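The values are calculated or read from the model by the stated rules, or taken from the named source; none is laboratory data. Since we're looking at a predicted model, the values are computed, not measured. Because the Cβ atoms are built from the backbone with ideal geometry, glycine has one as well, and the counts that use them run over all protein chains shown. Each accessible area value is taken on the protein alone, full model and side chains, heavy atoms only, with ligands, DNA and RNA left out. Shrake-Rupley method; radii C 1.70, N 1.55, O 1.52, S 1.80 Å.
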Amino acid sequence: LCPQASIIVTTRPSAVRRIPGKYVGRYAEICGFSDTNLQKLYFQMRLSQPGCSGEESQDHSSAEQENLVEMLSRNLERHNQITAACFLPSYCWLVCTTLHFLYFTRTVPPSQTLTGIYTSFLRLNFSGEVLDSTDPTHISMMKYVAKTVGKLAYEGVMSRKTCFSEEDLRQCFEVEMKTESELNLLEVFRSDVFRFFLSPCVQPGKEHTFVFTITAMQEYLAALYVVLGEKKTLAQRVGKELSEVIGKVSEDVAVVVNIVSKVLPLRFLPVLFNLLKIFPRYFSRVSGKDKDAIAHTMAEELFKEEDYYNDDVLDQINSSILGVEGPMRHPDEAPDDEVFELFPIFMGGILSRRNRAILDQLGCSIKNLAAFEIAQAMKKTVIRKGRKGLPPSELMDYLFFLHEFQNERFTAEAVRSLRAVNLSSVKMTPLKCSVLASVMSTTCHEVEELNLTSCNLDSGSLRTLFPVLLRCKALHLQLNSLGSDACKEIRDLLLHDKCVVSSLRLANNPVGEQGAEYLAEALAGNRSLTQLSLLHTALGDPGAEAIARRLAENQRLQELNLGYNSLTDAAALRVVEVAKRHETLDKVHLYFNDISEDGKRALDSLRMDRDGVRALVFLTAGTDVSDYWSHILNVVQRNLPFWDRERVRQHLALLLQDLESSRSQTANPWRKAKFLRVESEVKKMLGKLQDGSL
């Protein structure tokens, strides 16, 4: 800045103290983004970079980028913990890179892993850094952090807490300090690194505690602490030291034995030598159990039952960065239990070859043999527990764990055990679709059932998942707002020569007339589909006509559901006429449509033995109760949250009138009793509809 000035720049405050004071005229500390507006500007520039959103249309990607910046800005304005974290520009980098990963990943397999982002972040800040160059141990900065901060992080995870008192810090950092050298290292760490990982808590009522600057960093460091084998009992630590000492002694004895045995024929010396070698061998077997313990910890944390019904980890990360929409929590309100579901996922990610290579550069070496032994031990724990039925969000976490682990052979063995995949109600972002497609691509086995009900799918999601969908026998795609564009993708799926889909459920999607045209084309050429549900898909008469026109070309379909589609007599009878001539189609669902009494009588006259098809329209079949009355009412009850309640009430009233009319026409007491039972169920449903309890 001035011709006569000499400037030294360092990230290590401890180094400044070593410069004699007579050479320094002024000290200045650059504190990062002290102004929230600077943070916002950084995020706006980074998140608005062209091409960061992949191949989507420019308008769509621009809107999504603006929405991200707006949500992040609102969260920063709340002055919560993320605002304190983004005081450091490098953490702003981490936030942006994580958001890119969450929102703009559309490749299969994803080119990044979340663990890789955090590992690269640490390399960016600590590559080649030694904690204290004057210390004879020359311990790397990251190794020291893993041993000390990692221990604090791990104990926090195990005790389910994120806030730490001064006493907690003392217990982790100072209790085991024995030498002057260790205390010096701790002083350098507190001066240079402590504030990077831990910062004062800004939550009201917790002002004198510390939290990890980025929440997920606690779980990453806890995972690193465990995988590096730092979590040892006293016996294990003493055993290792003894093993090393005795191992060295046995090597020296071996030299002496070889010399002495040439001069004196003493037979007992080799025996003594072998006895000395027993302990190291025994310890190596015992230490092998560390790998089992790591695998066991991973499995226990990955499949914790108390975490079964939380959001999946990717949604949790998203909420931690962008916040949760809605009113802020009152300071006196009891907090939710802390969740640490990233911890086992980071453990798997750290074991991947790429992350081990980066960690090795940071002085945290994990040998290939150790990683192999842990993976072998995981087969007995993780894969066995993964075979059990998992809730959808927990299954998504398991799939994400397999993606982070980056071990194709292990993943293939785990995926082969998943015959049914239920991800219903999981918000399937492009990243999650990419992870699912990538993990499932490690095998080519057929999947019995894939449930993607209410998963926010669109045509892009279906394109990403196309190779997986081909191998699914039962495919549930209800409640996904899938329109004509998505139906075009489904048409291509059903016409593929490797398609094995036998049951396809598209209920409660806005398929419409154009979508029906695509599905009709698919029906004509498909050779695997036996069940198709188009319940409540806005077909109308034109859509039903489109299906009917191509239905005769199909040779495998057995059941077709066109319920709640505003079909009139003409369209319903047209479908049934085609169904009567179909070789295999024997059941058509037509309930909750606009069918008149004349249409009902025509459909009631169908006989399975004579016409080869049964139409499910009402709860009655002539003067008897339909065999499918409970099925129809169950369909109504399951779908009521997504249907027009007033229209449902009108249809139920019509069903009740029909039941009462049919009951009056029979003299059979047994049939009357059946009618009364069904009427009771319908009245009960109507009553709940009216009082809002259904």
Original post:
So what's the Cα pair-distance distribution over the chain, bin width 20 Å, in %?
Top reply: 14, 37, 28, 15, 5, 1
Original post:
Can you list the lysines whose alpha carbon is less than 23 Å from that of K672, not counting same-chain residues fewer than 8 positions off?
Top reply: K600, K683, K684
Subject >> Fraction of alpha-carbon pairs over 18 Å apart in the range 514-633 - percent >> reply: 46 percent
Original post:
Against the longest principal axis of the chain, how steep is helix 629-639, in degrees 0 to 90 to the nearest 10, with axes from Cα atoms?
Top reply: 50 degrees
Subject >> Ranked by how many other beta carbons lie within 10 Å on average, peptides 142-150, 125-133 from highest >> reply: 142-150, 125-133
Subject >> Per residue solvent-accessible surface (Å²) - the chain, probe of 1.4 Å >> reply: 49 Å²
**OP:** Would you mind working out the magnitude of the charge dipole of the range 628-691 relative to its Cα centre, with +1 at each Lys and Arg C-beta and -1 at each Asp and Glu C-beta, to the nearest 20 Debye?
**Re:** 220 debye
Subject >> Taking all pairs of distinct alpha-carbon atoms in the range 370-433, Kirkwood radius in angstrom >> reply: 12.5 Å
Original post:
Picking from T98, L314, A375, whose Cα lies most toward the positive end of the charge dipole for the chain (charges on Cβ: Lys, Arg +1; Asp, Glu -1)?
Top reply: A375
Original post:
Within the accessible area of the chain, what % is carbon and sulfur when the probe is 1.4 Å and the other protein chains stay in place?
Top reply: 52 percent
Subject >> Using alpha-carbon coordinates, inclination of helix 484-495 to the longest axis of the chain, degrees >> reply: 90 degrees
**OP:** Could you bin all the Cα-Cα distances of the range 419-617 into 10 Å bins starting at 0 and give me the percent of pairs in each, rounded to whole numbers?
**Re:** 10, 37, 33, 15, 4, 0
Subject >> Total charge dipole magnitude, the chain, about the Cα centre, Cβ charges on Lys, Arg, Asp, Glu only, Debye to nearest 20 >> reply: 2280 debye
Subject >> Proportion of all alpha-carbon pairs of the range 628-691 beyond 17 Å (%) >> reply: 40 percent
**OP:** Work out the length of the dipole vector of the range 419-617 about its Cα centre, built from +1 on the beta-carbon of each Lys and Arg and -1 on the beta-carbon of each Asp and Glu, and round it to the nearest 20 debye.
**Re:** 580 debye
**OP:** Considering the options L302, A507, C86, tell which one lies farthest towards the positive end of the dipole of the chain, charges being +1 on Lys and Arg and -1 on Asp and Glu at the Cβ, about the Cα centre.
**Re:** L302
**OP:** Would you work out which of Y23, L185, L619 lies farthest towards the positive end of the dipole of the chain? Charges go on Cβ: Lys and Arg +1, Asp and Glu -1.
**Re:** L185
Original post:
Relative to the longest principal axis of the chain, what angle (0 to 90°, nearest 10) does the C-alpha long axis of helix 459-470 take?
Top reply: 90 degrees
**OP:** With both partners inside the chain, how many of the DSSP beta bridges are antiparallel, as a percent to the nearest 5?
**Re:** 25 percent
